[in-house]
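The values are calculated or read from the model by the stated rules, or taken from the named source; none is laboratory data. Everything numeric in this text was worked out from a predicted model, so none of it was measured. Please note: Cβ atoms are built from the backbone with ideal geometry, for glycine as well, and neighbour counts cover all protein chains shown. Side chains are part of the model used for accessible areas, which takes the heavy atoms of the whole protein and leaves out ligands, DNA and RNA. Shrake-Rupley method; radii C 1.70, N 1.55, O 1.52, S 1.80 Å.
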Amino acid sequence: MHGRIGGVPVPVADRLPAALARRIALAAQGFADPRPAGVVDSRQLRRMTDRLAVVQIDSVNVVSRSHYLPAFSRLGAYRRSTLDDFTARRHELFEFWAHEASFLPVRLHPYLRWRMAAAEEQAWGSMVRIQRERPGYVAEVLDRVREAGPIRASELGETRPDRPGSMWNWHAGKVALEWLFYTGVLTARARTTSFERVYDLTERVLPAAVLQTPTPEPADAVRELVRTAARALGVATEHDLRDYFRLRPAQARQAITELADAGELLPVEVAGWGAPAWMDPAARRPRWIRARALLSPFDSLVWERPRVERIFGFRYRLEIYTPAAQRVHGYYVLPFLLGDRLVARVDLKADRQAGVLRVQAAHAEDGVDRAEVGAALAAELRLMAGWLELDDVAVAERGDLAADLPAALAGAGADVA
């Protein structure tokens with residue numbers, strides 16, 4: 001749709017009600033589709049990873065490794081080994097820094113080579129510093145991988161620096177491996193059971209067809225990343241689009257302008273957003289969403305907290321690093337999606353030794369029907385416990401929704417702790 005200013009055609013923004021924008025965003029993320037009725041197969045899992053394009057990785061294992069959860073949220077119970085095959089055997093997904101550390105479809109590898117080539121500008125201090133100050137050591141580490149094969153950082157025999165309170169107290173060997181990983185010389189062949197990255201030469205891991213794909217110009221690559229983000233988000237502000245792959249403002253703006261000029265992004269105004277937005281022309285506009293899902297804190301639907309608040313009116317903060325006495329909702333809190341709303345938040349822990357999924361706190365959002373939410377949440381908790389191969393669900397008496405859960409869970413033989 002175009003208007004004219006001084007005889008020059010300019011796009012006129014379509015106006016979207018906030019509820020429709022919310023449904024568009026949920027559909028783009030895969031929540032408009034019903035879960036498979038039977039066994040989830042590799043085709044369905046591949047479709048999901050292609051749709052999201054970025055599956056964030058995190059080492060926290062309170063409930064499950066975070067990269068396993070988005071597929072469960074959208075597809076229900078599935079074999080985690082199938083996703084492992086995609087990353088560690090078939091190598092249909094590769095690991096790189098996109099929205100933080102992430103698994104991505106290998107088709108995106110050529111479009112991130114500009115970031116690998118610009119590692120001195122893109123990577124953080126310790127990696128850049130070791131290459132500048134100890135290039136010979138970095139070369140030795142690379143030679144060891146080349147000659148001896150896949151390696152874990154712990155196999156280098158280096159001593160970790162004593163920096164209490166630091167999350168990134170990597171030893172020199174780990175830093176060298178991470179530099180080589182960031183530059184694309186090495187990639188992750190797999191992750192160990194303790195979630196340690198196994199590094200190998202990229203040419204020995206990724207499919208030949210991917211490696212032989214020509215490297216696009218940076219502007220073309222960024223344009224494809226924004227295009228991919230737009231498909232995954234459905235409707236988004238400029239900040240949303242660039243945050244998906246952590247792009248810099250100037251390069252993202254240029255790509256958005258070029259895609260809009262080509263008709264590949266449509267300008268929209270969303271009621272209540274207070275910022276210009278863009279929509280994928282192929283985005284679905286569902287009349288309703290009938291989703292039910294517990295969401296990882298690192299799920300692409302909720303990882304950008306200002307977007308979550310803008311779309312759902314849901315203020316969400318991960319409180320892992322908040323002192324226990326100051327936490328409001330709990331340590332590892334998963335938002336609960338019901339229909340097209342985030343209706344509750346649940347602090348969960350998989351107690352593997354006891355075989356119990358522990359609901360350490362459950363809080364309902366204002367204005368929801370607690371009986372309805374409690375019943376739906378109980379069903380999802382039962383499904384999650386089974387998927388995690390836990391025998392029971394135990395509910396602690398913390399949070400205003402906790403009292404509604406025991407009766408709903410009674411049929412599953414759950415306990416109240």
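P(r) for the range 256-327, please, calculated from all Cα pair distances in 10 Å bins and given in %.
15, 34, 34, 13, 5, 0
How far is it, in nm, from the label point at Glu196 to the one at Leu318 when both lie 7 Å from their Cα along the line to the Cβ?
2.3 nm
Using the Cα centre as the reference, give the magnitude of the dipole from point charges on the C-beta atoms of the range 317-409 (Lys, Arg: +1; Asp, Glu: -1; all else neutral), rounded to the nearest 20 debye.
Details: 10 positive and 15 negative charges, 64 e Å.
Approximately 300 debye in magnitude.
Using alpha carbon centroids, what distance separates the range 280-334 and the range 234-250, in Å?
If we compute the Cα centre of each part, the gap is 17 Å.
Excluding Trp124 itself, what net charge comes from residues whose Cβ is under 14 Å from its Cβ, given Lys and Arg +1 and Asp and Glu -1? Before the final figure, lay out the partial values.
Working: positive: Arg115, Arg129, Arg132, Lys174, Arg246; negative: Glu100, Glu120, Glu121, Glu178.
Charge balance in the 14 Å sphere: +1.
Cα atoms only, the chain: Rg and Dmax in Å?
Both quantities, over Cα of the chain: 22.7, 72 Å.
Enter the accessible area per residue of the chain (Å², integer; probe 1.4 Å; all protein chains in place). Spell out each step's value before the answer.
Working: 18780 Å² over 417 residues.
I get 45 Å² per residue for this part.
Among Val356, Leu206, Ala32, whose Cα lies farthest out toward the positive end of the dipole of the chain, if unit charges sit on the beta carbon of Lys, Arg (+1) and Asp, Glu (-1)?
Result: Ala32.
How large a share of the accessible area of the chain, in percent, is made up of carbon and sulfur atoms when the probe is 1.4 Å and the other protein chains stay in place? Display every interim value, and only then the final one.
Numbers: 9290 of 18780 Å².
So the carbon and sulfur contribution to the accessible surface is 49 percent.
Is it possible to state the helix-based mean residue ellipticity at 222 nm for the chain, with each DSSP H run of 4+ residues giving -39500 (n - 2.57), the sum divided by total residues, to the nearest 500 deg cm²/dmol? What is it? Don't jump to the answer; show the numbers that get you there.
On the way: 16 runs with 152 residues, N = 417.
Only helices count here, giving -10500 deg cm²/dmol.
Rank-order 99-106, 118-125, 19-26 by packing density, defined as the average count of other C-beta atoms within 10 Å over each peptide's residues, highest first.
Working: 99-106: 19.6, 118-125: 13.9, 19-26: 22.5.
Answer by packing, highest mean first, reads 19-26, 99-106, 118-125.
Starting from the Cα gyration tensor of the range 1-155, multiply each eigenvalue by 5, take the square root, and state the resulting semi-axes largest first in whole Å.
Details: eigenvalues 271, 153, 37 Å².
Semi-axes, largest first: 37, 28, 14 Å.
Roughly how big is the chain's charge dipole about its Cα centre, with Cβ charges of +1 (Lys, Arg) and -1 (Asp, Glu), in debye to the nearest 20? Spell out each step's value before the answer.
Details: 57 positive and 53 negative charges, 99 e Å.
Computed charge dipole of the chain: roughly 480 debye.
How large, in Å, is the range 317-409 by the Kirkwood hydrodynamic radius built from its alpha-carbon pairs? Don't skip to the answer; put the middle values down first.
Values: mean 1/r = 0.0750 Å⁻¹.
One decimal place: 13.3 Å for the Kirkwood radius.
Which one of Ala148, Gly374, Ala324 is farthest out on the positive end of the charge dipole of the chain, using unit charges on Cβ (Lys, Arg +1; Asp, Glu -1) and the Cα centre as origin?
Most positive-ward Cα: Gly374.
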